[in-house]
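Following: one structure in structure tokens, then a few remarks.
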Amino acid sequence: MKPAAFRYHAPKTLDEAVAMLAEVAADDGRILAGGQSLVPIMAFRLARPSHLVDINGITALAELKTADNKLSISACVRHAAFYQPVVEGPLGKLLTTIVHHIGHHPIRTRGTFCGSVAHADPASEWCLVTATLNAEIVASSKRGTRIIAAKDFFAGIMTTALGEDELLTEVRLPLLAADTRFGFQEFARRAGDFALSMALVTYRLNDKTMIEPRVGVGAAEATPRRIPEAEAALAGKVPGPEAFRAAAEAAAAAIDPLEDHNTNADYRRDLVRALTRRALERAAA
Ligand SMILES: Cc1cc2nc3c(=O)[nH]c(=O)nc-3n(C[C@H](O)[C@H](O)[C@H](O)COP(=O)(O)OP(=O)(O)OC[C@H]3O[C@@H](n4cnc5c(N)ncnc54)[C@H](O)[C@@H]3O)c2cc1C
């Protein structure tokens, strides 16, 4: 099928883009970033936006920069930008490890990090990174700019705290200390498919015990999130099978699994248990 008719707008500056969005938002005007989620759902007529505000011509939104100990990823930075480490240290390696799990190469050359976060598919790898690392999300509109903490951003399946007239301009990820260990695992039935569950973990060591543990789970619930019960099972413990099993059990017990045509709640709980443990083993390797 072809998309329903829409008006196309191509602002050249951020001010023009937010002014245009303010005008058309109430009429289901939408931002067009990489188009890798929006265009297919328009083709299936699951979305029929009457206006598209294409932000790809705004050069200021193509920036990747480091400031105040944070990596700032602007709205038009493509997934493929992370094929090589964009910062030194564990954060650059973490992003390089994860990017290969997103769809296929052509999708990664057009789709954007911020578009994934704005779209908020529960199975988005970048949404899990954003939630697990407590990123800041910067939203701009004609009314001004505000910063939203990741924990307050994801509100449900493909639902966020963004207002209809707000453009997500930037995601800011904290740089990770040089001794941070991380592990990521996901399960999808075929390479390139959306995952049925995924886990991202990080921790540091202090005198052989784990400190600052983060355990994030995605694709298992309506929104990606950190699991405090699993983090508590790691803090102050020596990394190894006993602590990892306890954290994996805690993660599996804590979630409220999605049930859909792919799988049932019990299977997702089993996946979370296995993936959390394997992600921790990968971090320790
Ligand atoms: C076959 C296939 C497989 C895929 N597999 C995966 C996968 O495994 N993992 C994964 O994470 N993704 C996957 N994707 C989705 C892909 O990563 C998209 O690129 C991503 O979901 C959206 O980014 P985009 O830049 O293409 O956004 P678009 O498609 O342009 O926009 C998506 C939505 O977000 C809104 N939006 C976009 N940018 C902004 C912004 N800056 N401010 C406000 N609103 C905005 C749009 O209005 C729209 O509603 C897959 C896609 C396809 C087609």
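In table form, for the structure just shown:
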item	result
Members of the stretch 105-123 that are closer than 20 Å to Val86 by Cα and in a loop (DSSP other than H, G, I, E, B)	Gly111
Residue that is farthest from Ser116 (Cα to Cα) [pool: residues in the stretch 42-61 that are within 12 Å of the ligand (Cβ to nearest atom) and in contact with a strand residue (DSSP E or B) (Cβ under 7 Å, 6 or more places away or on another chain)]	His51
Test: residue in the stretch 197-214 that is part of a loop (DSSP other than H, G, I, E, B), within 17 Å of Pro122 (Cα to Cα) and not aromatic (Phe, Trp, Tyr)	no
When residues of the stretch 62-81 are limited to those that are under 30 Å from Phe6 (Cα atoms) and part of a loop (DSSP other than H, G, I, E, B), the one farthest from the ligand (Cβ to nearest atom)	Glu63
Qualifying residue in the stretch 39-48 (condition: without any contact (Cβ under 8 Å) to a residue 60 or more places away in the chain, closer than 15 Å to Asp165 by Cβ and more than 24 Å from the chain's Cα centre (by Cα))	no
Those residues of the stretch 202-235 which are surrounded by fewer than 23 Cβ atoms within 10 Å (Cβ to Cβ), out of contact with any Pro (no Cβ under 9 Å at 6 or more places or on another chain) and modelled with pLDDT of 95 or more, in sequence order	Asn206, Ile211, Glu212, Arg214, Arg225, Arg226, Pro228, Glu229
Counted residues, the stretch 82-118 - those being within 12 Å of the ligand (Cβ to nearest atom), of a type in the set (Gly, Ala, Ser), open to solvent by 10 Å² or more (accessible area, probe 1.4 Å) and farther than 21 Å from Lys151 by Cα	1
Strands (runs of 3 or more DSSP E) lying entirely in the stretch 1-54 (those with 1 or more residues that are open to solvent by 60 Å² or more (accessible area, probe 1.4 Å) and out of contact with any Pro (no Cβ under 7 Å at 6 or more places or on another chain))	7-9
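The values are calculated or read from the model by the stated rules, or taken from the named source; none is laboratory data. Everything numeric here is computed off the predicted structure, so don't read it as measured data. Neighbour counts are summed over all protein chains in view; Cβ atoms, including those assigned to glycine, are modelled from backbone coordinates with ideal geometry. Accessible surface is based on the protein model in full, side chains and every heavy atom, while ligands, DNA and RNA are left aside. Shrake-Rupley method; radii C 1.70, N 1.55, O 1.52, S 1.80 Å.
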